[in-house]
Every structure is written in structure tokens, then in C-alpha cells.
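Take a look at the structure below.
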Amino acid sequence: MNGLKLQVSDYFLTDKNAVTVADRRPQPAFPQHSHEFDEIVFVWRGNGLHILNEVPYPITCGDLFYINARDRHGYESVNDLELDNVLYRRELLTLNVNWQDLLPGHASGTEARQYWRLSTPGMAILRQSVDALAQECMKSDALSLLLSETLFLQLALRTKRFRHAPDSPFISDAEQLDLLLMALRVNISAPFRLDDFCRQYGLNARTLRVMFKNHTGMGIHHYLRQLRLCKAMDLLRHGQQAIGDVASLCGFDDSNYFSVVFNQAYGLSPRQYRQRFQKVLSPG
Ligand code: RM4
Ligand code: NI
């Protein structure tokens, strides 16, 4: 057995502190070791090879893992790797919650170790949570000890909220919405097919439609039409393209249909709209 074992006294402020944060921004290569404490590792950026109980795994930003005292792990081939270790002593936790459930990997010791993923918005929130905890762990009066544990509980709960197992690709509502809005905006001249989009990202079209409506107050196609019409107005005001070209640049494959829709929306045909606007601009 290779015996590097990290000691409580080297990392925790006092032997009463149940929690502390070891900021590793950057994390250099670090030999394999075990600990007298447990740790949660949040990987913020960069990459490296993580060896956990003899199994190598490439880690990168958004990875999260729970290391138990008896695990052996280390880092190799690091490249811009930045992470935070939240170190804790399970036996000193006093709040009456189900820590077992919040800090997985403790039950039997035989279950397969898991890497979790964090969503990008989740990472931003957790990073703040880790920073707040790091501050509090620098103190050891009774109030700070309790507050540290409370912040640790909050962090563990939020982590549970934002983590997901990589093999069950769960994308939060906010991310689904972002993906969809980007897809709608990015290529407005091409037809948009919600079913294809959903297939590409493994999403459910019906759920997405309802969510879009809840968050934006309008339907997807209504929004898409607004985008197309706004683009058309812009081209009609500032461009010289033929009306048929404006139609197809804005994703209408039929120029007559485009004129009908435009007229319905603004009470003018595209041609009238252009004339009106471009006349105002030209002097005399
Ligand atoms: C090291 C490395 C270890 C961690 C200690 C506290 O740099 O990240 O995994 O246990 O810090
Ligand atoms: Ni470690």
C-alpha cells in the first residue's frame, strides 16, 4: 500500500471546524492519496486526468465528484485545471438532516463511484455558494462553526439540485429555452422544425411548447413569425433586394404568402412599407 494520507490538522483551521474549502485554482498534478476527511470536488475549468481508486477518468469543467476518506485519488496531466475541494468531517456534522442522501458514496463503500455533471447556470450559483462557505470556514467561534455547517448544508442541497448523472441527459428548463431561442434566431431563412430540434437534443416537443409559452407568454411559432417579420422590416427599410428575395431571406418560401402575413401584421404590403420608409429618407 502506498501510504500518502492527508491529515485533518494540515487543512482544517481547528479540530472543531467540520468544513473547509481548499481552493485549487489552479490544481497542479497531485500524487495519489487518501484523507482523514471526505471531500466534494467541483471542477470549474481546464482539464486533467483524475485517477480514482486506480481508474483514470478525464475531467473537465462542470464535473463534480464526491471523494470519501478511504478513496485513493490523484491528478495527472493537468492543463489549466481549476477546482475547489470542499473538505468535511462527517463525524462533526451536527444538523439533523439526511447527510447520507446529500453526500453520496457513503452507504456501503462498494457501490460504483460516480461522476456527476453540473449545468452551466448551476455552476455559477454553486461557485458563489462555495466562495461564501470558504469565507466562513476561516473562523472558529461557535457562531461561525454553525454558520459554516449551515452554508455547507445549503451548498450540498444546491449541488443536489443542479447535478445530474451524465448518462441521464437532463437539461434544465432555462437551458432548453436558451437552446431553443438560439436555434430560432440563428438561421432564420431556413424552415424551423420543432420535431427535428427536439430529436437533436433529446427533448420532448409538447413539454417544450408548454414551457416556452409559460416563460415567454407566446407560442413558438408566433415568436418565430415576429422574428421573421422584424428581419423583413429591416431589409425593406435598409436593403435593395427584390420582395421575393426578402421573403426567402426571412424564411418565407412563398412570396405571396409573405405579403399576406406582412399586410396582416402592419396594414401595408411589403412594397408600400418600403416605399413609405425609403421615401422619408430620400431628400426632396
Ligand atoms: C490537493 C488535491 C487533493 C485534496 C487536497 C486538499 O491539492 O486537490 O485531492 O485532497 O488538495
Ligand atoms: Ni484528495
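No lab work stands behind these numbers, since they all come straight from the coordinates. Computed from a predicted structure; not experimentally measured. Cβ sites come from the backbone with ideal geometry, for glycine too, and all protein chains shown count toward neighbours.
As a length-normalised measure over Cα pairs under 8 Å and 6 or more apart, the relative contact order of region 1-79 settles at 33 percent. Count Lys and Arg as plus one, Asp and Glu as minus one, and take only other residues whose Cβ is under 13 Å from that of S248; the net charge is then -1.
What does the charge count near G48 come to, summing +1 for each Lys or Arg and -1 for each Asp or Glu among other residues with Cβ under 12 Å from its Cβ?
Details: positive: R24, R45; negative: D63, E76, D80, E82.
Here the charged neighbours net out to -2.
Hey, can you list the DSSP H helices of the chain whose Cα span along the axis is 20 Å or longer and whose average Kyte-Doolittle score is at least -0.5? Membrane-span-like by this rule: 120-136, 142-162, 220-238.
When peptides 30-43, 258-271 are sorted by average Cβ neighbour count within 10 Å, with the highest value leading, the order is 30-43, 258-271.
Give me the compactness ratio for region 4-164, meaning the Cα radius of gyration over 2.2 N^0.38 Å.
Working: Rg = 14.7 Å, N = 161, 2.2 N^0.38 = 15.2 Å.
Here the Cα radius of gyration is 0.97 times the empirical estimate.
In the neighborhood of L235, defined by Cβ-to-Cβ distances under 13 Å, what is the net charge if each Lys or Arg adds +1 and each Asp or Glu adds -1? Walk me through the intermediate numbers first.
Numbers: positive: R228, K231, R237, R271, R274; negative: D234, D245.
With Lys, Arg at +1 and Asp, Glu at -1, the neighbours total +3.
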